[in-house]
Every structure is written in C-alpha cells, then in structure tokens.
1. Run down the lysines and flag those whose C-alpha is under 22 Å from the C-alpha of C:Lys255, throwing out any fewer than 8 positions away in its chain.
2. Would you work out the charge dipole size for chain C about its Cα centre, treating the Cβ of every Lys and Arg as +1 and the Cβ of every Asp and Glu as -1, and quote it to the nearest 20 debye?
3. Taking only Cα atoms and a 10 Å spring cutoff, compute GNM fluctuations for chain C and point out the largest among C:Leu16, C:Leu158, C:Leu212.
4. Does anyone have the angle between helix A:5-32 and the longest principal axis of chain A? Alpha-carbon axes, 0 to 90°, nearest 10?
5. Distance between Cα centroids, the range B:92-137 to the range A:38-54: provide it in whole Å.
6. Cα convex hull of the protein assembly as shown: how many Å³ per residue?
7. On the Cα set of the range A:107-263, report Rg and Dmax in Å, please.
8. Do any GluC sites (Glu not before Pro) in the range B:14-111 lie in a DSSP loop with no more than 15 other beta carbon atoms within 10 Å, and if so, which?
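The values are calculated or read from the model by the stated rules, or taken from the named source; none is laboratory data. None of these values were measured; they are calculated from a predicted model. Cβ placement follows ideal geometry from the backbone for every residue including glycine, while neighbour counts extend to all protein chains displayed. Side chains included, ligands, DNA and RNA excluded: accessible areas come from the protein's heavy atoms. Shrake-Rupley method; radii C 1.70, N 1.55, O 1.52, S 1.80 Å.
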Amino acid sequence: MNRSLGLNAALVAVVAFFVVLVGLPFWWVVSGSFKIPQEIIARSPTMIPQSFTLQHYQKLFEASDYPVYLVNSLIVAASSTVLTLLLAIPAAYAFFRLVFPGRGFLYRTILLAYAFPSIVVLIPLFGLFAKVGLVDRLPALVIVNVAFALPFSIWMLRSFLAGVPKEIEEAAVMDGAPTLTILRRIMIPLIAPGIASVGIYAFVTAWTEYVFASVLILSDAKRTLPVGFSGIIGQYQIDWGLLLAGATVAIVPVVAIFALIGRGFVSGLTEGAVK
Amino acid sequence: MWAVPLYNMAMNLWYRKSVLEEAGIEAPKTWEEWRAAAEKLSVDGVSGMGLPANKQLYTDQTVYSVMVNGGATEIYNEDGTLRFDNPETVGAYEFYADLNKFSPADSTSWTWGEAEACFSSKACAMVMQFSVIATYDTQAEGDAADLGVAAIPSKDGGDHNTISYANAVMLLSKDEAKMEASKKFVSFLLEPDNYGRFLNMEPGLFMPVTADGAEAETFWADPMVEKYREQIETVIDNAQNGRLFGFTSGRTFPSIAAISAQNIIAETLQSIVVSGQSAAEAVTAGQARMQEVAQ
Amino acid sequence: MQQTRALAFVLVAPALLFLAATLGWPLVQAVQLSLQDVRVIGAPGAFVGLDNYSRVLSNPSFWNAAWLSVVWVVANAVLQTVLALAVALVLNEKFPGVRVARTWVILTWIVPTVVVVVIWRWLFSTSGGMINPLLIQAGIVERPVGFFATPWTAMATLVFINSWRWFPFIALMMLAGLTRIPDDLYEAARIDGANAWQRFKRITWPLLAPTLGVLAVIGTLLSFNVFDIIWLLTSGGPAGGSRTLPVLIYETAFKGYRLSEAATVSVLATLLLMAFAMVATRALDRGDDR
C-alpha cells in the first residue's frame with residue numbers, strides 16, 4: 001500500500017510521540033537508578049547520566065528480600081493463570097456452544113461481576129480467609145486474582161471461539177465426535193493464540209495486583225513484588241535512587257517474559273475476534 | 001497490658017547556615033522573623049520555607065507545632081468538650097497558611113520524604129521536620145558544619161514548643177511467660193549501652209527518652225551521630241518542651257483517636273490553602289468535623 | 001438434550017461457583033452490613049434498616065464522590081480512546097519495526113501499579129523530578145508546577161497516569177478490530193478517489209464502531225474501580241478533589257471506622273454500575289447477536 005507524503009509524515013510524528021510517551025519515563029527510571037544521589041535530586045536533571053554507581057542496587061539487595069518477592073510473584077501469577085484458564089475455557093465453550101436454560105442470564109451475570117467495586121470484596125473476603133486459615137498464604141492471592149481475571153477471560157475466550165469457522169466444527173459433529181472431544185481436539189488447538197492472550201491477561205492482572213496482596217499477606221517472606229517494592233518506600237525519607245533501582249528490578253522480569261512470548265500475545269489478540 | 005516509651009521524635013526547623021548567612025539573616029525566633037526569612041529566602045526558584053499542606057499525619061504534626069507556639073496547645077477543655085475553635089488556633093492557621101505560600105506548589109501532597117528531598121536538593125531553604133540528618137548526609141552535600149537546626153519559632157519569641165512523639169512499645173498479652181520475656185527484652189533494650197545502639201538504627205531520627213540514654217556512649221559513638229553531635233544536642237534540647245495533641249495537661253479523651261486517624265487538623269488547613277476558606281471559617285468547620293467523627 | 005444440559009452444567013459450574021464464593025457472597029455480606037450499624041470488622045451491630053442509606057444519600061461527600069467518579073470515568077474514556085485509536089491506526093499500517101512496536105507498546109500495562117505510581121510521583125515532583133525542569137527549560141512555565149497541588153490538576157494528572165497505564169491494552173483490542181476490516185474495501189475506496197480522511201470516515205469508523213462500543217463498556221467498568229493509583233498518589237486529595245467512590249469506600253471503612261456506611265456506599269455504587277452495564281450490554285447486543 002502506498003501512502004502519500006503527508007500521511008507518511010503524520011505516521012512518523014505519531015510514532016515518535018508514542019515512543020517518547022512510553023519510552024522516556026522508562027529511560028529516566030533505568031538511567032536514574034545508576035546515578036549518584038546528588039545527581040538524581042539535582043535541580044537541573046540530566047538526560048544522560050553524568051555519574052555511575054551501583055550503590056542503589058547494593059542497598060536494595062541488602063535491605064530487602066527482592067529475590068524472594070520475585071519468586072512469590074511468579075508462583076502467584078503462574079498459578080492464577082493456570083487456574084483461570086482451567087475455569088474459563090470450559091465455561092466459555094459452554095456459553096458459546098451449548099444451549100441450556102438460563103444461559104443468557106448467567107452469562108450477563110458473570111459480566112456484571114465487573115461492575116463490582118473490588119474494594120468492596122476486601123472486607124468480607126478477609127473475614128472468609130481468616131475463617132479458613134488462608135490469611136498470610138499465597139493461595140489466598142491466587143483465589144482473589146482468579147476472581148478478578150475470570151469474567152473478562154470467559155468473555156474474551158467466547159469471542160475467540162466465535163471466530164472459528166463453523167464448517168470445521170460441523171464436520172466433527174457429523175463424524176459423531178462427543179462434545180468434549182471436539183472441545184479438546186479441535187477447538188482448543190484452533191484458539192491457541194487466544195488462550196495465550198487470555199493467559200497473559202490473567203498473568204499480568206496477578207502480577208500487578210497490589211491492594212489485596214498488601215492486606216492479605218502479613219509476613220515479609222510471603223510478599224509479592226509490588227508489596228515488597230512498596231516496602232522500600234521509606235516512611236520518613238524518600239531515597240529516590242533506591243526506589244528507581246527497585247522499579248528497574250521490578251520491571252526487568254516481566255519484560256524478559258514478555259520478550260519471549262509477547263509476540264504471541266499480540267498476534268493472538270489481533271487474530272482472535274474481539275466482537 | 002502496658003506500654004513503655006522507647007524513642008522520642010520532635011519537630012525542628014532545619015536550614016543551611018551558609019544560605020542564611022548569604023541572605024544576611026539569622027535563624028528566626030518569632031513568627032514575624034520566620035515569615036520575613038521565608039520571604040527573603042524565596043529567590044531564584046528556591047522556596048523559602050517548605051511546609052506541607054497534605055491531608056496526612058506530617059501536616060497534623062507541623063500545624064500542631066505552629067499551634068503550640070501560638071498558645072493553642074489545648075484541643076479539649078477540661079470536661080472533654082472541644083475548644084479547638086478559638087482565636088489562638090485561628091491565628092496559628094492564618095500564619096501557617098501565609099507561610100505555606102513560600103512552599104513549593106506541590107506541598108499539598110507532601111509527606112515527610114518530600115520535605116527532606118526538597119531540603120536536600122536545595123529547592124527549599126528551610127523545612128520543618130523531625131530530622132533531616134540521614135538524608136542530608138547521604139543524598140546532599142553532608143557538610144555537618146553547614147547544617148543548622150533551631151527550635152520552632154514562637155509567636156512572640158517566648159518559650160519554644162514543639163510536637164513530640166514518644167513512640168512506645170506496647171504489649172497486649174495475658175500470658176505470664178510472654179510478659180516476663182517481654183519485660184526482660186525491654187529492660188535489656190533500655191540499658192544505656194544497648195539503648196544507644198537501638199536508637200541509632202535510624203541515626204538522627206530517634207532521640208532518647210531516658211536521661212541515661214542521652215548519656216550513653218553507644219548513642220554518641222555512632223559515626224553519623226558523632227558527626228552531627230551539635231545538631232543532635234540541639235534537637236534533644238528542643239524536645240524538652242514536647243507536646244502531643246490530645247495528650248496535654250492530662251486532658252486525654254478517646255475521641256482523639258478518630259480525630260487523628262482522619263487527620264482533621266490537616267484537613268482544616270487544606271480548607272484554607274486549597275479551598276480558599278478563611279481561617280476562622282475553616283477552624284469552625286474543623287471543630288464541627290471533630291464533633292462529627294467523635295460520635 | 002438432557003445430556004447437553006448436564007454437560008453444560010458440568011462445564012459452567014466450577015467457574016460460577018468460584019465467582020459466587022469470591023464475588024457473590026461478599027456482595028451479600030455487603031448488603032447485610034449496610035442494613036446494620038457496624039463500626040469495625042468483627043464488631044456486632046444492631047439492625048438499623050435503611051438508616052445508613054438515608055444518611056449516605058443526604059451526605060454531600062457521597063454526591064461529590066459520585067460526581068468525581070463520573071468525571072474520572074468520562075475523562076479516562078476520552079483520553080484512552082484518543083490515545084489508543086491513534087496507536088491502533090498506526091500499528092495497523094505497515095512500516096519498518098511495526099512488529100516490534102506492536103509487541104512493546106504494551107510495556108506500560110505490564111508494570112506493577114505501585115511501580116507506575118512511584119515513577120510518576122518522582123517525575124512530577126518539584127524536587128528532583130524530570131518534568132518540571134523540562135517545562136521550565138522549554139519556557140512553558142516559569143515556576144515548578146504542583147501537579148497534585150489543586151483538586152483540578154490532581155484529577156487531570158491522575159487521569160493521565162491511569163490512561164498511560166491502560167491505553168496500550170485498549171489499543172491492542174482496537175487493533176484486533178481493525179485487522180478484521182478487509183483490505184479490499186480500502187482498495188475500492190481508493191479507486192473511487194477517496195482521500196485518507198474520507199476512507200477513515202466511511203470505512204474504518206463505521207466498521208470499528210461495534211468494537212469501540214464494547215471497549216467503552218469494559219473500559220468504564222475497569223476505570224470506575226481503579227483505586228490503587230488514586231490512593232497511593234493523592235489519597236483522594238487535595239481537599240477531597242480526587243476522592244472517587246472507591247476511595248470514599250476505603251476511607252470510610254478504614255480511616256473513619258464506619259464499616260456499615262462504607263458497605264452502603266459500595267452497594268449504591270454497585271447498583272449504579274450494574275444499571276449502566278445492563279443498559280449498555282443490551283444496546284450492544286441489539287447490534288450484533290450470536
């Protein structure tokens with residue numbers, strides 16, 4: 001497709017704008033984490049570091065259990081992803097393909113779960129978890145994260161299923177294959193990119209969650225990365241260098257993961273139908 | 001159940017001696033001098049006086065520090081009714097709001113850390129804070145000879161007061177064995193030598209509450225405490241006149257819990273600084289809010 | 001038929017039971033609490049009927065928070081739609097590096113909220129932040145701007161930060177819609193001599209509209225419930241200028257120790273959102289039913 005000169009110029013301008021909007025803050029954070037404190041708080045800040053130090057990283061790893069938080073976060077996010085998919089795929093398929101009484105009503109109710117201020121759930125859930133001994137345990141976080149990711153996941157998967165050509169499924173039905181076999185052998189492989197997208201959605205939801213993790217987890221050894229990170233925000237002092245180092249370390253793992261599978265996520269999203 | 005005070009924190013006025021000298025002024029002692037100093041130091045993008053106006057505990061502390069220096073120490077009457085709404089309080093708020101004009105624009109969202117960062121980066125000439133020593137030493141120039149600290153100026157230059165927190169260890173247990181163990185631990189901690197070491201976990205921030213503790217060698221032996229000995233001695237001196245809102249003259253009433261949890265002292269300041277009410281209106285509304293939350 | 005029903009039940013039940021336990025049950029609890037007079041978690045409370053409702057509904061701070069929530073949702077929707085649509089249109093073009101751009105535009109969305117908060121708190125700070133010196137150097141302002149200093153600017157800054165975090169996600173959903181518009185349509189329009197703006201107006205916009213509709217509903221629900229960014233940056237201030245309903249709920253419950261009142265506000269907020277969601281999904285279903 002050939003674009004006119006004007007359109008090309010506009011394209012370049014928009015791309016440049018977004019590179020700055022997304023990239024510059026990250027550049028400032030990462031480069032700042034290597035500056036000495038005096039340079040960070042200097043009244044005329046520098047775009048390119050004039051100094052280099054690893055003192056903030058040293059302090060970070062001395063003062064906090066960052067590796068432990070990282071492992072906890074990975075466990076919680078991975079478990080939440082698996083559980084979300086296990087619950088969402090069958091439900092989405094049933095809502096998409098099977099006819100049963102109350103289907104429309106139930107489907108709508110699930111979507112309405114989103115209309116629910118999550119902060120409201122905090123108090124009763126804390127009581128519930130206290131009763132069953134889940135406070136200060138990672139499974140509590142998994143449960144909460146799945147609850148928040150599930151409605152959207154079901155909705156997204158259902159539209160991915162809707163994108164599968166009808167003929168493929170009909171051919172299998174003609175062959176007399178049972179419904180579950182059709183789901184497992186035909187539908188799931190066909191919407192694999194969609195499943196990957198939903199998986200990443202669930203992962204990111206769990207990975208970034210802060211409020212519940214800060215309330216439900218009490219002991220330092222079970223903190224997730226966001227809560228551990230907020231722990232280094234001192235009450236009486238702000239050590240920007242330490243915070244920037246902490247932010248950099250909190251960003252790196254998820255960027256690494258995304259570098260491996262991010263492409264799948266995006267193509268899954270764009271190829272799958274979101275109606 | 002019992003509680004033992006462990007360390008003390010009191011508000012002070014911090015500045016750089018060289019900056020004041022250059023401006024040809026001395027550390028202010030009265031409100032008038034304070035305002036004049038803030039005005040004079042506000043040049044070249046620098047804020048003369050960094051004062052918070054956030055609805056947050058730090059602002060409760062700084063506002064109250066001005067109140068106690070303007071004759072508005074008592075929030076309660078002896079019978080437990082509120083006396084927050086009085087001319088002295090209004091005067092203190094008026095002065096504070098006026099002084100806040102020499103603060104950075106984002107002081108309405110400040111907590112302790114922003115004040116220290118502002119001072120360290122020389123964007124604020126003076127700040128009111130418990131201690132800025134640790135930040136000044138690690139993030140700014142760290143020149144002990146240049147760091148100045150003074151008592152909070154009082155309205156007419158009389159006795160200087162401050163807010164002061166005796167942070168306590170509290171024990172809520174009925175178990176005999178645990179009680180014994182905790183007692184042992186606390187008395188171990190309060191032994192002069194150990195106590196000094198404990199306080200210096202945060203050098204220059206936690207001040208001793210016991211006379212022995214102030215003498216202890218371990219307290220003064222810490223390198224940072226040694227370096228800033230002059231400032232720390234002044235801070236301990238200033239803390240002699242410490243007060244805490246809701247805990248003065250034996251007038252302690254349970255509703256102070258709700259009043260401080262909702263930061264009503266700071267909220268009242270915001271009504272003036274952010275919403276543009278007059279100090280008298282805001283203080284009257286503040287007392288009404290105190291009554292409301294105390295129900 | 002009987003068999004299908006049983007199978008459907010087996011497939012749907014786990015997800016439904018899970019949601020009933022984690023979201024449904026707390027809602028019932030919240031309704032129950034709102035009819036009692038409970039101050040702190042675990043304390044007993046007398047049944048007071050609808051007292052809490054009449055108290056909350058006559059409290060100006062509830063209406064103020066509700067208004068701010070509307071402002072918050074609308075401002076976020078507008079800003080995110082504009083940013084996301086621009087990104088999606090660009091990413092739908094072919095140019096060198098577009099694949100990389102498609103992947104990494106999502107960067108702001110995968111960073112933990114707390115980290116986002118600290119990044120912007122630092123960048124916008126008047127002491128040590130990067131934005132103010134840049135603005136001064138560029139001659140846009142003379143003195144450092146207090147981004148969180150007044151109710152109006154605090155709200156605008158929060159909207160910007162929240163949109164910065166969410167627009168890439170919305171953009172990718174839009175891109176999904178765009179990629180399904182067949183290229184032939186554009187070719188045909190080009191042959192008819194339509195310029196870029198006409199092609200956008202006649203083809204892209206009408207065909208993208210359903211996607212935008214769905215995203216508007218989802219985005220509204222998502223941003224209405226945003227709590228952490230606001231709480232961590234301004235705690236609803238200054239002077240209550242960014243105290244949206246979720247912030248009011250949290251403040252009432254955990255700062256004011258009035259659990260029942262907080263539950264009442266929650267129930268009202270839920271009703272409001274449900275009404276919106278029902279109307280909106282109906283409207284969308286009418287367009288396309290499957």
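1. Within reach: B:Lys55.
2. Numbers: 20 positive and 14 negative charges, 42 e Å.
Using Cβ point charges on Lys, Arg, Asp and Glu, chain C gives about 200 debye.
3. Looking only at C:Leu16, C:Leu158, C:Leu212, the largest GNM fluctuation is found for C:Leu16.
4. Approximately 60 degrees, to the nearest ten.
5. Distance between centres, Cα-based: 22 Å.
6. 187 Å³
7. 20.4, 71
8. Numbers: sites: B:Glu21, B:Glu22, B:Glu26, B:Glu32, B:Glu33, B:Glu39, B:Glu74, B:Glu78, B:Glu88, B:Glu94; in loops: B:Glu26, B:Glu74, B:Glu78.
Within the range B:14-111, the qualifying GluC sites (Glu not before Pro) (loop, at most 15 other Cβ atoms within 10 Å) are B:Glu26, B:Glu78.
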